[in-house]
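Peer 1: Got a structure for you, written out below as structure tokens; questions coming shortly.
The values are calculated or read from the model by the stated rules, or taken from the named source; none is laboratory data. Not measured: the values here are computed from a predicted model. Here Cβ is always computed from backbone atoms with ideal geometry, including for glycine, and neighbour counts include all displayed protein chains. With ligands, DNA and RNA removed, areas are computed over all heavy atoms of the protein, side chains included. Shrake-Rupley method; radii C 1.70, N 1.55, O 1.52, S 1.80 Å.
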Amino acid sequence: MFFGAFCWFNDLVDVTTDPVVTEDGAGMLPPHSSRRAGKVKRAVLIFLLLVLVGLGYLAVRLGPDLLSAYRAGFFEAPPEKVAYSADRKQNLVALHAAIMRYHDSEQVFPKGAGWMDAIRPFLDTGELKDGESLKKLHRPGLQTGQYGYALNSAVLGKYKDDLKQKGSAILLYESKARTKDGTGDPASDREGLAITVDGTVLEK
């Protein structure tokens, strides 16, 4: 639309306006130049009108989407990345969320060996710096390199509704073991907090 209007405008303004010299040496505008000048003015007005119409059309078509993007913060600067920090209870809840996302994706809980690597894609990174979410796999307060979590052996590889205790079954707990991918029986191996399938945190 704009290209066609521009070509039309260009054709109208491409006229000669050099004065015509008469026999007595006087100069005068060429015949019909006033009419051509009028056409040029009309062309300019029409061109500007087409530009306004085009802008209005774009506003109607794109305005709602741009407004929604603005309200959603699309045009805002991204939040500053931070380091991960949580207490024992918060960290347990974060791991529970990742395990349940894995369950929703695979329709079973992790099968044991390698369960920490299996839930890594489901850890919430949020506004964390790269690699900070992996700190969630380590119980706060332990020495560097120690883990201190274990999955209940009774839930490994099972669908949540097939468990005998359903939502009240312990899913994850703070373990006496410090190795990666811990599994075991919370009745004998648990030494601290635990969290059930339905997300209830249990104190000890």
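Peer 1: Out of everything in the range 119-138 that is part of a loop (DSSP other than H, G, I, E, B) and closer than 19 Å to Met100 by Cβ, what residue ends up being least open to solvent (accessible area, probe 1.4 Å)?
Peer 2: Leu123
Peer 1: How many residues does the range 98-114 hold that are touching a Phe, Trp or Tyr at 6+ places or on another chain (Cβ under 8 Å) and in contact (Cβ under 8 Å) with a residue 24 or more places away in the chain?
Peer 2: Result for the range 98-114: 7.
Peer 1: Same structure again: Taking the options Ala150, Ala177, name whichever one is small (Gly, Ala, Ser), open to solvent by less than 50 Å² (accessible area, probe 1.4 Å) and assigned to a strand (DSSP E or B).
Peer 2: Values: Ala177 fails: assigned to a strand (DSSP E or B).
Answer to the check: Ala150.
Peer 1: Any idea which residue in the range 100-116 is surrounded by the fewest Cβ atoms within 10 Å (Cβ to Cβ), counting only those that are in a loop (DSSP other than H, G, I, E, B) and of a type outside the set (D, E, K, R)?
Peer 2: Residues of the range 100-116 in a loop (DSSP other than H, G, I, E, B): 107-114.
From what is left, the residues that are of a type outside the set (D, E, K, R) are 107-110, 112-114.
Details: Gln107: 9, Val108: 15, Phe109: 26, Pro110: 21, Gly112: 15, Ala113: 11, Gly114: 11.
Among residues in the range 100-116 that are in a loop (DSSP other than H, G, I, E, B) and of a type outside the set (D, E, K, R), the one surrounded by the fewest Cβ atoms within 10 Å (Cβ to Cβ) is Gln107.
Peer 1: While we're on this one: Could you tell me which of the residues Ala97, Ala77, Ala59 is modelled with pLDDT under 85 and open to solvent by less than 80 Å² (accessible area, probe 1.4 Å)?
Peer 2: Just one listed residue meets the conditions, Ala59.
Peer 1: Also: Go over the candidates Leu67, Leu45, Leu92 one by one and state the one that is in a helix (DSSP H, G or I), surrounded by 10 or more Cβ atoms within 10 Å (Cβ to Cβ) and at pLDDT below 85.
Peer 2: Testing whether each residue is in a helix (DSSP H, G or I), surrounded by 10 or more Cβ atoms within 10 Å (Cβ to Cβ) and at pLDDT below 85 leaves just Leu67.
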